Amino acid sequence: MSRNPVTVTVAYHVVPGREADFHSWGWAALRATAQQPGFLGGVLVDGEAEWHVVYRFDSDDSVQTWETSLARAQVSARAEGLARETGRRSVEDSKAWFDAQISRDPAPAAPRPPPKWKLWLVNMSAVFPPVLLFNLVILPYLNDLNPLFRTLLLCLCVTAIVTWILMPRLQRFLKKWLYPPLQALRGRHKRRTA
């Protein structure tokens with residue numbers, strides 16, 4: 001039975017283009033962790049290659065209770081598709097390091113979603129070119145096909161192109177325009193682990 005404070009650092013590799021979603025998930029995960037007995041604090045540390053969720057409990061027993069809880073399993077399940085856990089480290093009695101990490105500004109709120117007009121513009125930019133190309137190049141050859149099947153084929157092709165090719169690239173390219181507050185937060189909360 002340990003009564004020394006324990007700091008846990010969990011490293012994640014975030015899926016490119018999903019940084020804003022992971023940022024929201026990370027702070028939500030820390031809020032869920034804060035509901036557990038023995039919780040002493042937490043912080044989300046972002047970086048170029050890896051992000052870290054850091055939390056501290058009053059004892060190893062409190063950490064084990066959280067790690068094996070249903071609440072933690074549910075929180076972890078929500079990260080699927082956003083990031084992959086790449087490492088985990090526990091350190092006992094690391095008060096000085098942890099306090100230096102959280103003694104600055106209070107945790108920022110999760111960034112707001114972009115305005116609807118920006119989302120509409122990005123979606124139109126992703127959908128219009130493949131629909132136009134499909135209508136000009138492929139549909140003339142499918143005139144004999146039932147309109148239901150022709151429309152289904154159009155939807156399947158365009159949705160696949162937009163989902164896997166165009167939207168991820170557009171979101172990465174327009175990230176600073178879509179989420180300007182997130183960029184300010186990322187610059188302010190960059191940390192290097194000791």
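The values are calculated or read from the model by the stated rules, or taken from the named source; none is laboratory data. Here the structure is a predicted model, which means the values were calculated and not measured. Cβ coordinates were reconstructed from backbone atoms using ideal geometry, including for glycine residues, and neighbour counts include every protein chain displayed. Calculation scope for accessible area: heavy atoms of the full protein, side chains included, ligands and nucleic acids excluded. Shrake-Rupley method; radii C 1.70, N 1.55, O 1.52, S 1.80 Å.
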Can you find a residue in the stretch 58-71 that is touching a Ser or Thr at 6+ places or on another chain (Cβ under 6 Å), modelled with pLDDT of 85 or more, farther than 22 Å from Arg172 by Cα and among the β-branched types (Val, Ile, Thr)?
no
How about the stretch 23-54: which of its residues are in a helix (DSSP H, G or I), of a type in the set (A, V, I, L, M, F, W, C) and buried (at least 20 other Cβ atoms within 10 Å of the Cβ)?
Trp25, Ala29
Just checking, does the stretch 59-78 include any residue being assigned to a loop (DSSP other than H, G, I, E, B) and within 25 Å of Leu178 (Cβ to Cβ)?
yes
Out of everything in the stretch 1-22 that is part of a helix (DSSP H, G or I) and of a type in the set (A, V, I, L, M, F, W, C), what residue ends up being nearest to Ser76 (Cα to Cα)?
Phe22
Which of the helices (runs of 4 or more DSSP H) contained wholly in the stretch 95-191 include at least 2 residues that are open to solvent by 70 Å² or more (accessible area, probe 1.4 Å) and at pLDDT below 90?
95-102, 167-173, 175-178, 180-188
